[in-house]
Structures are given as structure tokens and as C-alpha cells.
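The values are calculated or read from the model by the stated rules, or taken from the named source; none is laboratory data. Worth saying up front: this structure is predicted, and the values here are computed from it rather than measured. Here Cβ is always computed from backbone atoms with ideal geometry, including for glycine, and neighbour counts include all displayed protein chains.
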Amino acid sequence: MLTYLSRTTLAASTALAVIAGAAAANPYAEYEGTTLVVNFPAHPHYDAVMQILPEFTKETGIEVEVDQLPYLKMRERQTLELAQEEGEYDLIGYVVFSKADYVYADQLENLAKYFMNPKLANPAYDPADLIDGYVYNIGFAGGDRGYLAGKTGSLFGLPYGSETSVLGYRKDIFEKHGLEVPETYDEMLALACKIPELEPGMGGLSSRAASGHHAAHAFLLHLNPLGGAIFDEEWTPVMNNAEGVQAAEALKTIVDCGPEGASTFGFGEALGAFLNGDTAMFLDTSIVAGQIDNPDKSKVVGKVGWAMHPMGTKRASQTGGFGIGIPANAEHKDAAFLLMQWLTSKEGDKMVALAGGNPSRFSTHADADVNAKFPHMATFGEALKHADPDWRPIIPVWGKINADLGTTLSKVLTEDLDIQEALDGVAQRATVIMDEAGYNTWK
């Protein structure tokens with residue numbers, strides 16, 4: 001027969017067990033009341049993130065303070081913060097160019113131990129649903145070529161605000177003249193020069209072309225689909241081979257048949273020409289869809305259709321944009337991982353997509369609710385099956401080579417510099433840069 005004391009003790013023990021069980025069932029309980037400080041870029045995707053963060057706090061009890069900065073200022077701030085013994089930020093958004101620098105300096109957490117921790121890792125996360133090209137491009141380091149997936153690679157970040165290249169086209173113009181949406185490069189280039197004849201005063205295809213990284217970006221958009229590359233497997237520059245010349249010729253054709261002033265267009269001017277109705281096609285990042293559908297910014301609302309990046313010798317589209325990672329000097333790493341995991345989960349990815357962000361999962365692109373609000377998402381999802389994580393080399397010396405490539409190509413577009421001569425010069429200078437950086441040590 002139980003005594004009063006034993007019955008009381010048993011009841012208390014049972015109550016404690018229930019409380020402990022409830023706590024164990026809530027993976028966020030231990031971190032309730034924690035305040036995370038995160039650093040995100042001023043960017044349309046992260047504007048959408050700001051709309052869903054209150055739901056995270058409501059669900060988890062974890063507060064989030066956001067320091068949102070223009071990209072260049074964000075990079076400057078991160079360069080200072082990540083070098084400190086103790087940093088201010090628990091989670092950062094970083095552009096793909098920064099991956100190599102941060103990982104090489106041991107400033108980002110390897111995510112393996114977090115995904116191995118059963119108290120932190122959600123078994124329903126479904127990493128296989130994440131877009132392959134985005135994950136490898138923004139998150140992996142140490143694998144193939146040092147910056148891609150591979151047997152020696154590790155995961156240091158997750159895609160969040162990543163982008164690919166897609167073709168926007170004026171449905172009304174195409175319907176008016178009975179034009180077919182281009183599937184191949186030959187078809188796209190032919191249309192780019194045919195449209196100005198059919199619609200006097202209208203350019204065929206709007207593209208970046210300004211001296212520097214804009215011209216280099218535009219060249220890279222065409223290089224991979226046409227079978228080219230910047231380097232071969234032994235780090236020898238090959239952007240001056242036949243495929244590289246063909247990519248530069250494609251860019252020159254687009255600019256020559258483009259809207260007035262096309263040779264000086266940066267990204268803003270190229271997009272602006274399309275938004276203003278001055279050109280019939282636009283080949284660039286998927287992030288522009290929101291602006292094209294915004295009547296405050298666009299004169300072509302409801303008139304634009306979307307297609308995959310046209311095929312050259314293969315399907316290949318851009319990878320770039322932003323990801324999120326945990327600084328090695330962060331104060332609240334486990335809680336930061338929980339936020340990262342929540343943001344990139346199926347539920348979080350759908351929420352940010354409905355708020356106007358760029359989803360990072362195949363399932364979100366195929367989701368009925370998302371497509372009901374943004375019909376282009378299904379097309380973007382198909383394009384992402386061909387997103388190339390090696391669209392550009394993510395190595396520390398790429399900035400120098402990229403700047404030279406863009407400056408030289410501008411002379412092709414504005415001064416009629418011979419394409420082969422121009423690319424030969426870039427290749428020769430790139431060889432010197434690669435030698436000085438040690439990439440040819442083992443040859």
C-alpha cells in the first residue's frame with residue numbers, strides 16, 4: 001500500500017517526466033528567449049524574408065534582429081566582423097563570390113556536425129529536395145576544383161536567394177508576328193535581329209554589356225551553354241577557344257541588334273529597357289520576375305512570358321545570388337542553425353516564395369499555391385534542373401580575371417576589337433595570374 005509521501009513523490013515524478021517529455025518534444029525550448037543577430041543583404045529575396053521572420057519567433061520563441069545592408073556595405077561589414085575573436089552576427093547572408101574567401105579563412109562553420117545532431121536536425125528536412133546546382137554553387141567547398149561538390153567536399157552554407165538565368169519575352173509581340181519562343185541559340189540570335197525589323201525602334205534582346213563585370217557576366221551567360229569554359233581541368237585558360245569566340249560573337253550580335261545604347265548597359269539599364277517596353281526579350285536572372293509584374297515599375301505587366309535559357313550544345317543556366325551560413329565566431333551557433341534550417345525547410349521555402357522571394361527547393365517551384373500566385377515558378381523549376389554550379393570559377397583570383405575579361409570584351413562591343421585577339425590577350429594575362437597564385441604548381 002502506498003503511503004501519502006510515496007504517492008506524492010510518485011505524482012511529482014510523473015509530473016516532472018511529463019514536463020521533461022514536453023520539453024524534449026520541442027526542439028526550440030532550450031533556446032527560447034535567445035536573440036539572434038543576423039546580417040542580410042538589401043535584396044528582394046531578403047525583403048520577403050523580413051515578412052516571414054515574425055512567424056519563426058512566434059513558433060520558436062527565438063528573437064531575430066536583422067542588420068540589412070546594401071551588398072557592398074554588407075561585405076565590408078562582414079570582412080571586419082568575421083575576423084574578430086567574437087563576432088556580432090549569428091547568421092549571415094553571403095554572395096557566392098564570398099564563399100571561397102570565407103571558407104579559406106576558416107570563417108564559416110562546417111554544417112556537418114549540426115546535421116548530425118539529433119536534437120537540432122529535423123528528420124523531415126528533406127535535403128534531396130534542395131536544388132542541386134544552388135547547393136553546390138553556394139554551399140560546397142573543398143571538393144572538385146576546390147569549390148564544388150566531390151568526395152573531399154564539405155557543406156558550409158545553404159542557398160537562400162540564389163538565382164538562375166531565364167528568358168523573358170513579350171508575348172504580345174510574339175503573337176502579333178507569329179513568332180515561336182526560341183529553344184536554341186540559333187533561334188534566339190535570329191529573333192534578336194529580326195524583331196527590330198518587325199518592330200522599328202524596338203531592340204531584340206536586352207543584355208548587360210558595360211565595361212567590367214557586366215560584360216563578363218553577359219559573356220558567361222553564353223559560354224557554358226555553347227560548350228565553353230574559363231579553364232580546362234588543369235587550370236589552363238581556355239576562354240579563347242572556338243566555343244569562347246562563339247560566346248563573344250553571340251554577345252556582340254545581341255548588343256548590335258539591341259535597343260539604343262545597348263553597349264553601355266549595366267544590369268539596371270538592361271532591365272529598365274525591358275520594363276519600359278524598349279526590347280522584346282531579356283536573358284538574365286530569375287530575380288527580375290517580381291519587378292516585371294510590378295505596375296509601379298513595369299510597363300509590360302501581363303505581357304511577359306518565360307522560357308528556359310535557350311540550348312546551345314547543351315542546357316546550362318546561371319547559378320549565383322546568395323546563401324546563408326553560420327560565422328565561425330558566432331555566439332549562438334545552435335540557435336542560428338535552427339533558424340537556417342527553418343528558413344530553408346519546405347514550409348519556410350514556401351512561405352518566402354509566397355512573400356515574393358526566390359525559393360531554393362524543387363517542390364516549392366512545383367507547388368500549386370505558389371504557381372497560382374506566380375505562374376512562372378513551374379518554368380523556373382524546369383530551368384533549375386540545368387543550373388550549372390560551375391558557371392564561373394569561384395576562386396580567390398577570379399575577381400582579377402573577371403575584371404580583365406569584362407574590360408576587354410567592352411572593347412569588342414564598342415571599338416570592334418577582334419574577338420580572337422581580345423580573348424587571346426585575356427587568356428595570356430589569366431595564365432600569369434594563375435601562375436602567381438600557385439595553380440600551376442603541380443604541373
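Residues TYR125, TYR89, TYR114: which one is touching a Phe, Trp or Tyr at 6+ places or on another chain (Cβ under 7 Å) and at pLDDT 95 or above?
Result: TYR114 is the single residue among TYR125, TYR89, TYR114 that is touching a Phe, Trp or Tyr at 6+ places or on another chain (Cβ under 7 Å) and at pLDDT 95 or above.
Restricting to strands (runs of 3 or more DSSP E) lying wholly in region 89-194: which have 2 or more residues that are among the hydrophobic types (A, V, I, L, M, F, W, C) and surrounded by 14 or more Cβ atoms within 10 Å (Cβ to Cβ)?
Correct list: 91-95, 165-170.
Could you please tell me which pairs satisfy a Cβ distance under 8 Å, a separation of 6+ or placement on different chains, a first residue in region 232-248 that is at positive phi, and a second residue that is surrounded by 14 or more Cβ atoms within 10 Å (Cβ to Cβ) and assigned to a loop (DSSP other than H, G, I, E, B)?
Matching pairs, first to second residue: TRP235/TYR439.
So, in region 282-340, how many residues would count as being modelled with pLDDT of 95 or more, outside any helix (DSSP H, G or I), crowded, with 24+ Cβ neighbours inside 10 Å and small (Gly, Ala, Ser)?
Total meeting the criteria: 3.
Go through region 66-88 and count every residue that is assigned to a loop (DSSP other than H, G, I, E, B), farther than 22 Å from LEU338 by Cα and either not hydrophobic (A, V, I, L, M, F, W, C) or not assigned by TED's automatic domain parsing to the domain that holds PRO41 (or both).
Number of matching residues: 3.
Taking the residues in region 22-52 that are of a type outside the set (S, T, N, Q), out of contact with any Asp or Glu (no Cβ under 8 Å at 6 or more places or on another chain) and not in a helix (DSSP H, G or I) as candidates, determine which candidate is nearest to THR79 (Cα to Cα).
Once the filter is applied, the top-ranked residue is PRO41.
Restricting attention to region 217-236, does a residue exist that is surrounded by fewer than 19 Cβ atoms within 10 Å (Cβ to Cβ), modelled with pLDDT of 95 or more, hydroxyl-bearing (Ser, Thr, Tyr) and farther than 30 Å from ALA328 by Cβ?
Looking for residues that are surrounded by fewer than 19 Cβ atoms within 10 Å (Cβ to Cβ), modelled with pLDDT of 95 or more, hydroxyl-bearing (Ser, Thr, Tyr) and farther than 30 Å from ALA328 by Cβ, one finds at least one in region 217-236, hence yes.
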